[in-house]
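Engineer: This structure is in C-alpha cells; I'll ask about it shortly.
The values are calculated or read from the model by the stated rules, or taken from the named source; none is laboratory data. Computed from a prediction, not measured in an experiment: that's the story for all the values here. Ideal geometry is used to build each Cβ from the backbone, glycine not excepted, and the neighbour counts take in all protein chains shown.
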Amino acid sequence: MFGFSMYLNKDITENDLLYIRQMKEAGFEELFTSLHIPEYDTELYKKRLSALGDACKSSGMNLTVDISPSALETIGLFLEKAEDIQDMGITGIRLDYGFKMEELAALSKKMLVALNASTIIDEDVVRLKQYGANFENIEAWHNYYPRNETGLSMQFLEEKNRALKKVGFTTMAFVPGDEQLRGPVFSGLPTLEKHRGYHSLSSAIELLNETATDKVFIGDPRISKRTMEQFKAFLKDQTILLFGSLLEHAPSYITNPFHNRLDMARDVIRFEEARSLITETIQPKNTVRREKGSITIDNFNYGRYMGEIQITRCDLPCDGKVNVIGEIRIEDFDLLPLIVAGQKLMIKEVH
C-alpha cells in the first residue's frame, strides 16, 4: 500500500488536484496531511481541509489527517461524531497525544485510527482491547524526521515493526520526495536516516522488503514526474523503470521490456532476452571504460555472447569485446540493487 502527502500551508489549487489524480493513476491509494491550525487562521485551514477532502472523495482516495484534540475541536469536529469527520472526506485520524484510549477504541469501530508507532506501549494495547477496539482499523505510523541525523536506524525500525505486527498492528513509514521538499529544513521527510536524499522508490521498496513495513507514504509534498512514472511502472507492472541517455549506435530494441537473468551476476545486470533480438553483426565501437551505470552490448569479438546487453553495477575496465551504448542517469543508481534475479526492467531514453 502506497500513499503520499499534501499540506495545508496554502490553498488547494488546480495543479494540486491534477497531482492527486496523477498519483491515483500511478497506483497510490492514500493521502496524508497534518493539521496544526494557528488560532487566527481557523476558517482558512478548515476551508483548505474541506477542499482536500472533496478532492480525495472524487478521486476515491483515502485521507488521513494528523491532528491534535484542540485543532480538531477548533474546526468544529469531535471524535464522538465520526460521521461529521467522514463527511469532510477524512477516512482516518492520526493521533499522538491528548486522546483517551476509550475514545480511540470507540473511533476505531467507525474509521481508521493511526497511532504513533514510537510511543505505543504494552499498556496501551491492553487498554484498547479492554475497550473493545477494532484492531483492523488501528495502525502504527512512524514519524518522519525533517532534521538531518535524527532519522531512525534500519535495525531499530525493523525490531519495532516486528514487535508491533505481533500484536496485530499494520505498520507505516515515510520516504522522502524529490521535487518539492517541505520546509523549513528542506532535507526530506524520511523515517530512516539512510533514506535522506535517496530515491523515493528505492527507499519505499527497501522499507517493504527489509523492515516489516506494510505501508509507505511519501513524506514530502511532491515527487517529480519521472519518479511518479517509475512508481507507476512498479505498482502497475512490477517493472523497474530506469531513465538514461543512449548513443546513436544503441539498438532500437534497447527500450523493450527485459528481465534480469535468474542466475544474477555480481557486477552487471544481464538482459535475459537480448541475444535473441540481434539482426546483424555487431561491430566493435566505443569500447571504453565501463563506469557504474553504463549500458553495454557485446560485439562480435565475444563470439556467442554477441548481442548481450548489460548495465554495470560497478566500475569496470574497457574491453575490446564490449561496446558502451549509453548510461543510466545517476539519480537512478539507487534502483540498481533492486534489480534482482528475474526482475523485469525497462530503459527509457531522456534527452
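Engineer: Is it true that Thr119 is in contact (Cβ under 8 Å) with a residue 24 or more places away in the chain, closer than 22 Å to Ser5 by Cβ and in the same structural domain as Glu29 (by TED's automatic domain parsing)? Give the steps one after another, and end with the answer.
Structural biologist: Numbers: in contact (Cβ under 8 Å) with a residue 24 or more places away in the chain: no; closer than 22 Å to Ser5 by Cβ: yes; in the same structural domain as Glu29 (by TED's automatic domain parsing): yes.
For Thr119, the condition - in contact (Cβ under 8 Å) with a residue 24 or more places away in the chain, closer than 22 Å to Ser5 by Cβ and in the same structural domain as Glu29 (by TED's automatic domain parsing) - is not met.
Engineer: Given (1) surrounded by 22 or more Cβ atoms within 10 Å (Cβ to Cβ); (2) among the polar types (S, T, N, Q); (3) at pLDDT below 95, where does Gln180 come up short, assuming only one miss?
Structural biologist: With (1) surrounded by 22 or more Cβ atoms within 10 Å (Cβ to Cβ); (2) among the polar types (S, T, N, Q); (3) at pLDDT below 95 applied to Gln180, the lone miss is (1).
Engineer: Is segment 41-56 home to any residue that is in contact (Cβ under 8 Å) with a residue 24 or more places away in the chain, assigned to a loop (DSSP other than H, G, I, E, B) and within 17 Å of Leu17 (Cα to Cα)?
Structural biologist: There is no residue in segment 41-56 that is in contact (Cβ under 8 Å) with a residue 24 or more places away in the chain, assigned to a loop (DSSP other than H, G, I, E, B) and within 17 Å of Leu17 (Cα to Cα).
Engineer: Return yes when Leu52 is in the same structural domain as Glu158 (by TED's automatic domain parsing) and within 17 Å of Phe169 (Cα to Cα) and no when it is not.
Structural biologist: Numbers: in the same structural domain as Glu158 (by TED's automatic domain parsing): yes; within 17 Å of Phe169 (Cα to Cα): no.
Taking the combined requirement at face value, the residue does not satisfy it.
Engineer: How many residues are in contact with a strand residue (DSSP E or B) (Cβ under 6 Å, 6 or more places away or on another chain), among the hydrophobic types (A, V, I, L, M, F, W, C) and not in a helix (DSSP H, G or I) if we restrict to segment 221-247?
Structural biologist: Qualifying residue count for the region: 6.
Engineer: So Lys160 clears everything in (1) over 12 Å from Ile223 (Cβ atoms); (2) touching a Pro at 6+ places or on another chain (Cβ under 9 Å) except one condition, right? Which one?
Structural biologist: Only one criterion is unmet by Lys160, namely (2).
Engineer: Just give me the residues in segment 268-315 being touching a Lys or Arg at 6+ places or on another chain (Cβ under 7 Å) and either assigned to a strand (DSSP E or B) or not assigned by TED's automatic domain parsing to the domain that holds Glu327 (or both), in sequence order.
Structural biologist: Val268, Ile269, Arg270, Thr296, Asp298, Gln310, Thr312
Engineer: Something else now. Which one is surrounded by the most Cβ atoms within 10 Å (Cβ to Cβ), of the residues in segment 146-169 that are touching a Leu at 6+ places or on another chain (Cβ under 8 Å) and farther than 23 Å from Leu112 by Cα?
Structural biologist: Filtering segment 146-169 for residues that are touching a Leu at 6+ places or on another chain (Cβ under 8 Å) and farther than 23 Å from Leu112 by Cα, the one surrounded by the most Cβ atoms within 10 Å (Cβ to Cβ) comes out as Gly151.
Engineer: Being surrounded by 20 or more Cβ atoms within 10 Å (Cβ to Cβ) and charged (D, E, K, R) is the filter here, so list the residues in segment 87-145 that pass it.
Structural biologist: Across segment 87-145, the qualifying residues are Arg94, Glu139.
Engineer: Still on this model: Only one of these is of a type in the set (A, V, I, L, M) and either assigned to a loop (DSSP other than H, G, I, E, B) or modelled with pLDDT under 95 (or both): Leu63, Leu8, Leu17, Leu31. Name it.
Structural biologist: Only one candidate qualifies: Leu8.
Engineer: Is it fair to say Ile90 is part of a loop (DSSP other than H, G, I, E, B) and in contact with a strand residue (DSSP E or B) (Cβ under 8 Å, 6 or more places away or on another chain)? Even if it seems obvious, please write down each step before you answer.
Structural biologist: Numbers: part of a loop (DSSP other than H, G, I, E, B): yes; in contact with a strand residue (DSSP E or B) (Cβ under 8 Å, 6 or more places away or on another chain): yes.
Yes: the conditions hold for Ile90.
Engineer: Restricting attention to segment 248-275, which residues are polar (S, T, N, Q), farther than 20 Å from Val340 by Cβ and in contact with a strand residue (DSSP E or B) (Cβ under 6 Å, 6 or more places away or on another chain)?
Structural biologist: Residue satisfying the conditions is Thr255 alone.
Engineer: Just to be sure before I move on: is Glu229 surrounded by fewer than 22 Cβ atoms within 10 Å (Cβ to Cβ) and farther than 18 Å from Phe28 by Cβ in the structure I sent? Step through it out loud before you land on a result.
Structural biologist: Working: surrounded by fewer than 22 Cβ atoms within 10 Å (Cβ to Cβ): yes; farther than 18 Å from Phe28 by Cβ: no.
So Glu229 does not fit the description; no.
Engineer: Give the number of residues within segment 273-282 that are in contact (Cβ under 8 Å) with a residue 24 or more places away in the chain and surrounded by 13 or more Cβ atoms within 10 Å (Cβ to Cβ).
Structural biologist: 5
Engineer: Out of the residues in segment 6-24 that are aliphatic (A, V, I, L, M) and surrounded by 14 or more Cβ atoms within 10 Å (Cβ to Cβ), state the one that is farthest from Glu43 (Cα to Cα).
Structural biologist: Filtering segment 6-24 down to residues aliphatic (A, V, I, L, M) leaves 6, 8, 12, 17-18, 20, 23.
Filter again for surrounded by 14 or more Cβ atoms within 10 Å (Cβ to Cβ), leaving 6, 8, 12, 17, 20, 23.
Values: Met6: 19, Leu8: 12, Ile12: 14, Leu17: 21, Ile20: 23, Met23: 28 Å.
Filtering segment 6-24 for residues that are aliphatic (A, V, I, L, M) and surrounded by 14 or more Cβ atoms within 10 Å (Cβ to Cβ), the one farthest from Glu43 (Cα to Cα) comes out as Met23.
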